[in-house]
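Chemist: I have a structure I would like to understand better, so I am pasting it below and will then ask my questions one at a time.
The values are calculated or read from the model by the stated rules, or taken from the named source; none is laboratory data. Small disclaimer: the values here were computed from a predicted structure and weren't measured. Every residue, glycine as well, gets a Cβ built from its backbone with ideal geometry; the counts of neighbours run over all protein chains shown.
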2 protein chains.
Amino acid sequence: MPKPTMQQTQLERILAIAAKLFAERGYHAVGMTELGDAVGLGRGALYHHIKSKEDVLYNITRQYIFVLVELGNKAFEEETDPKLRVQLLGRQLMETIAVYQAELTVCFREIYSLTGSRKEEVLKLHGEYEHIWRRALIDGEKKGVFRPFNAVRLKGLLGMFFYSYIWMKPNGAQGPETISKIFNDVVLKALEK
Amino acid sequence: MPKPTMQQTQLERILAIAAKLFAERGYHAVGMTELGDAVGLGRGALYHHIKSKEDVLYNITRQYIFVLVELGNKAFEEETDPKLRVQLLGRQLMETIAVYQAELTVCFREIYSLTGSRKEEVLKLHGEYEHIWRRALIDGEKKGVFRPFNAVRLKGLLGMFFYSYIWMKPNGAQGPETISKIFNDVVLKALEK
C-alpha cells in the first residue's frame, strides 16, 4: 500500500514534503518560506493550495487516521470471520503506519498545536477508528470466538501498533508485513477464550 | 509509588512544574521567565539550579527512564521466577508512567529538541531499559517457561505500556494497578510456550 505518487495531487505532494520536514526539524522550526522552497513553489502558488501553516498541520494529522477509518470500515464489512477480521485490521494498521510514519510522528508531537475544532476533529477520527476495533472484538465475543471485551486491553493492543511509528525503520529488515504478523499473533492470543 | 514531595529538592520541584507547563503548552511556547514565575523564583535563583531551558528539558526527559532502569535492574535481581519477574517489571513500568505522565509527554514530543550527546544519553537509557526486559524474556526462555525470544514482539509489548501516557487519565477510574494487571495478562499470554 504505497502512497499514490503518479496520481498525487499538488496538495498531496505539499503535505508529504511538509510532513517529512516537520518530522525532521519540528513544526515550529519550519517556516512557510522554507516549505515553499522545499516544494518548489512561490508564496502565491503555495497559498493557492493551503491557507496557513496550521492548515498544513491539520491536513497532515488528519490524513492517515482518515485513511484508517475508511479502510477499517471496509474491512469490517467485507471480512466477517472474527479472527480473520482482526488480522486484516492489524495488517492495514501496520501498513498505514509504515506509509505515513512522518505524518504519525508529526501528529503525536504536534496535535496540541491545533486550535479549536480542528483538534477535536482529529481526535474524533481516532475515536472512530478505535470503535471499529471495538465492534470487531464485541462481534467476536458474541460469536463465541473472543473472551469478554475489555476497553483497557483494546487500548493496549492498539498502542502496541501505534507506538511502532517511534521505532520502525523505514525500509528496515522488519517490514510492516513481518511486524503485523507478530503483532496479530499477540492480539489473537490476548483475545483467545 | 508517588513522587517524593516532602523531601523534594528545589531542583525536583522546578522540574515537576516545568514538565507540567511543557506538557500543557509546549516546550517552545514556555519561556524561562514564565517558568520562574510558576516556581516563584527570580532569574538569579532559577539559574542557580538550572543552566538553560534545554537543561530543564534534558533533566525532564532523563528522569523517568533513569528511574525505570534503576527499578528494573533491582527487580531483575530480586525476582528470579520468569513470570513473576515480568509481572513485577510491568507493574513498575505502569506505575512510573502514571507518576511521570507529564514527563513522558514532554519526552516523546520534544526529545528531538535535545542537542548533541544529551539526546544520545536519553536514548541510551531507553535501550538499557529495553535490555532488562530482553534479559528477562531470554532467561525465561532458557528456563523453559517462555517461547523463543522475538525482538519485535518485545517492542510491541513495551509499546503497549509506553503508549498509555497518551490515553491514561490521571486519577481515572482505571489506575495503574488495574491497567498493569490487564497488560501483564497480555504479556504472559504472548510469551506462553
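Chemist: Just the residues that are under 15 Å from the mean Cα position of the chain (by Cα) and more than 12 Å from every other protein chain (Cβ to nearest Cβ), please, taken from the stretch A:132-169.
Modeler: If the condition is that a residue be under 15 Å from the mean Cα position of the chain (by Cα) and more than 12 Å from every other protein chain (Cβ to nearest Cβ), then A:132, A:133 are the ones that fit.
Chemist: If residue B:116 satisfies every condition in (1) over 16 Å from the mean Cα position of the chain (by Cα); (2) at pLDDT 95 or above but one, which is the exception?
Modeler: Every condition holds for residue B:116 apart from (2).
Chemist: Which ones in the stretch A:114-135 are touching an Asp or Glu at 6+ places or on another chain (Cβ under 9 Å) and not β-branched (Val, Ile, Thr)?
Modeler: Passing the criteria: A:114, A:118.
Chemist: Given the criteria surrounded by 17 or more Cβ atoms within 10 Å (Cβ to Cβ), at negative phi and among the hydroxyl-bearing types (Ser, Thr, Tyr), does residue B:47 qualify?
Modeler: When the stated conditions are applied, residue B:47 does not pass them.
Chemist: At pLDDT below 95 and farther than 17 Å from residue B:166 by Cα: does that describe residue A:96?
Modeler: Judged against the criteria, residue A:96 is not a match.
Chemist: On to the next question. Could you give me the residue pairs with C-beta distances under 7 Å whose first residue belongs to the stretch B:157-182 and is in contact (Cβ under 8 Å) with a residue 60 or more places away in the chain, whose second residue is among the hydroxyl-bearing types (Ser, Thr, Tyr) wherever it lies, and which are 6+ apart or on separate chains?
Modeler: So the pair list comes out as B:162/A:163; B:165/B:105; B:179/B:164.
Chemist: Quick one: count up the residues across the stretch B:50-64 that are in contact with a Leu (Cβ under 9 Å, 6 or more places away or on another chain) and surrounded by fewer than 18 Cβ atoms within 10 Å (Cβ to Cβ).
Modeler: Residues that pass the stated criteria total 2.
Chemist: Which count do you get for residues in the stretch A:174-193 that are assigned to a loop (DSSP other than H, G, I, E, B) and within 10 Å of another protein chain (Cβ to nearest Cβ)?
Modeler: Total meeting the criteria: 1.
Chemist: Going residue by residue through the stretch A:150-159, is there one that turns out to be in a helix (DSSP H, G or I) and basic (Lys, Arg)?
Modeler: Yes, the stretch A:150-159 contains at least one residue that is in a helix (DSSP H, G or I) and basic (Lys, Arg).
Chemist: Do any residues in the stretch B:59-87 that are of a type in the set (A, V, I, L, M) have Cβ atoms under 8 Å from those of residues that are surrounded by fewer than 16 Cβ atoms within 10 Å (Cβ to Cβ), where the two are at least six apart or on different chains, and which pairs are they?
Modeler: Close Cβ pairs satisfying both conditions: B:69/B:128.
Chemist: Only residues that are part of a helix (DSSP H, G or I) and surrounded by 18 or more Cβ atoms within 10 Å (Cβ to Cβ): list them for the stretch A:111-124, please. Reasoning before the result, please.
Modeler: Looking only at the stretch A:111-124, we keep the residues that are part of a helix (DSSP H, G or I), and these are A:111-113, A:117-124.
Correct list: A:111, A:113, A:118, A:122.
Chemist: Check the stretch B:114-131 and report whether any residue there is touching a residue at least 40 places away in the same chain (Cβ under 8 Å), of a type in the set (Lys, Arg) and more than 8 Å from chain A (Cβ to nearest Cβ).
Modeler: For the stretch B:114-131, residues touching a residue at least 40 places away in the same chain (Cβ under 8 Å), of a type in the set (Lys, Arg) and more than 8 Å from chain A (Cβ to nearest Cβ): present.
Chemist: Is the stretch A:66-80 home to any residue that is closer than 15 Å to residue A:164 by Cα and modelled with pLDDT of 95 or more?
Modeler: no
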